[in-house]
1. Where the Cα atoms of the chain are projected onto their three principal axes, how long is each span, largest first, in whole Å?
2. Considering only DSSP beta bridges whose two residues both sit in the chain, what percent are antiparallel, to the nearest 5?
3. Got a sec? What order do 90, 18 fall in by accessible area at 1.4 Å, biggest, i.e. largest, first?
4. Could you tell me which helices of the chain pass both thresholds, a Cα extent of 15 Å or more along their own axis and a mean Kyte-Doolittle hydropathy of at least -1.0, with helices taken as whole DSSP H runs?
5. Which of rounded, prolate or oblate describes the stretch 96-212 when judged by the alpha-carbon gyration tensor and an a/c cut-off of 1.5?
6. Let's see if you can work this out: charge +1 on each Lys and Arg Cβ, -1 on each Asp and Glu Cβ, no other charges. What is the dipole magnitude of the stretch 1-144 about its Cα centre, in debye to the nearest 20?
7. Using a 1.4 angstrom probe on the protein heavy atoms only, could you order 77, 177, 43 from most to least accessible area?
8. Before rounding to the nearest 500, sum -39500 (n - 2.57) across all DSSP H runs of length at least 4 in the chain and divide by the residue total; then give [θ] at 222 nm in deg cm²/dmol.
Amino acid sequence: MRILAVAVTYNPDTGMLTRVLDSIASQIDGIAVVDNGSANVAEIGRIAQGVGARVLSNAQNLGIAAAQNQGVAMAREDGFTHVLLLDQDTILAPGVVADLAHQLSFLEREHGKVSAIGPAYFERHSKQQTRAYRANGLRLSRISLENQTRPIASDSIIASGSLIPLTVLEQVGEFKEDLFIDLVDVEWCFRARAAGYAAFIAPSAVVDHHLGSGTVKIGRRQIAVHAPVRNYYWVRNALWLARQPYTPLAWRLYFISRSLAFLGAYTTLVDRKRLRLQLMGRGIRDSFKGRFGRIRP
């Protein structure tokens with residue numbers, strides 16, 4: 001197993017990026033940094049050079065999916081067998097990659113077709129650990145990882161920190177660039193699931209994660225607060241994904257209900273309410289009109 005870490009950057013905090021790359025430098029076989037048109041690209045290059053990373057600088061923001069696909073292409077060119085996807089603020093503790101690799105090998109022997117394995121995230125804003133999600137008919141079950149020691153199957157996993165064999169990407173296809181950002185990882189996991197592959201979360205591989213700039217609470221649930229434009233992408237992509245034949249029924253209902261919840265929460269509980277409403281309305285229209293990619297001026 002030869003692993004290339006693919007870190008996608010877009011105007012990152014350089015101190016944080018330094019910690020991210022330092023945290024994985026001794027855990028993998030190579031690092032690729034794919035930058036999406038950052039203003040501080042020169043500093044990113046210097047940080048990457050310090051850990052021997054290969055850098056690909058895009059002239060503009062192509063979106064997370066396109067950047068990840070570029071990293072996958074680099075892995076193929078250089079003879080790697082697996083990619084470890086990373087956000088610019090995901091710091092992995094020592095031993096996490098080895099743990100994921102060991103668990104992946106075990107699962108491949110036990111289950112056969114495994115699409116990816118990822119760590120169990122602890123979300124710093126909500127102070128909650130990620131859960132596994134499984135659709136069963138109309139029901140979407142949320143499975144706690146507390147006291148679990150073996151990998152847990154999940155319909156989808158977060159891309160950052162996930163370990164993926166290149167052979168699976170060849171069979172399933174790469175990440176859908178039209179989505180640009182938001183739900184790119186979910187869409188790929190659903191596509192892999194439809195092809196007979198299962199994704200897993202490793203409870204023993206715990207990673208801290210910051211989702212957005214905070215959270216707002218609706219009943220017993222919490223939703224992450226992102227920049228307003230992310231409301232556009234999430235609603236647009238969620239309503240598109242709800243219409244795809246490979247999306248499980250319970251997830252289709254989830255995306256529709258969650259979009260309605262977003263319309264209520266983001267227009268009453270957070271800042272820039274009018275702008276968020278306008279962007280989500282536009283996201284709904286663009287989803288049904290088939291307008292994807294980067295949001296148009």
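1. Sorted from largest, the Cα extents of the chain read 46, 45, 34 Å.
2. On the way: 18 of 43 bridges.
Antiparallel bridges: around 40 percent, rounded to the nearest 5.
3. Numbers: 90 0, 18 50 Å².
The most accessible residue leads, giving 18, 90.
4. 14-24, 64-77, 96-111, 184-194, 228-241, 249-265, 273-289
5. Working: a/c = 1.34, a/b = 1.13, b/c = 1.19.
Rounded is the answer for the stretch 96-212, as its axis ratio a/c remains below 1.5.
6. Numbers: 13 positive and 13 negative charges, 122 e Å.
Magnitude of the dipole: close to 580 debye.
7. Details: 77 125, 177 90, 43 65 Å².
Descending accessible area places them as 77, 177, 43.
8. Details: 9 runs with 117 residues, N = 297.
Calculated mean residue ellipticity at 222 nm is -12500 deg cm²/dmol.
The values are calculated or read from the model by the stated rules, or taken from the named source; none is laboratory data. Values in this document were obtained by computation on a predicted structure and should not be read as measured data. Cβ coordinates were reconstructed from backbone atoms using ideal geometry, including for glycine residues, and neighbour counts include every protein chain displayed. In case anyone asks, the SASA skips ligands and DNA or RNA and just uses the protein heavy atoms, side chains included. Shrake-Rupley method; radii C 1.70, N 1.55, O 1.52, S 1.80 Å.
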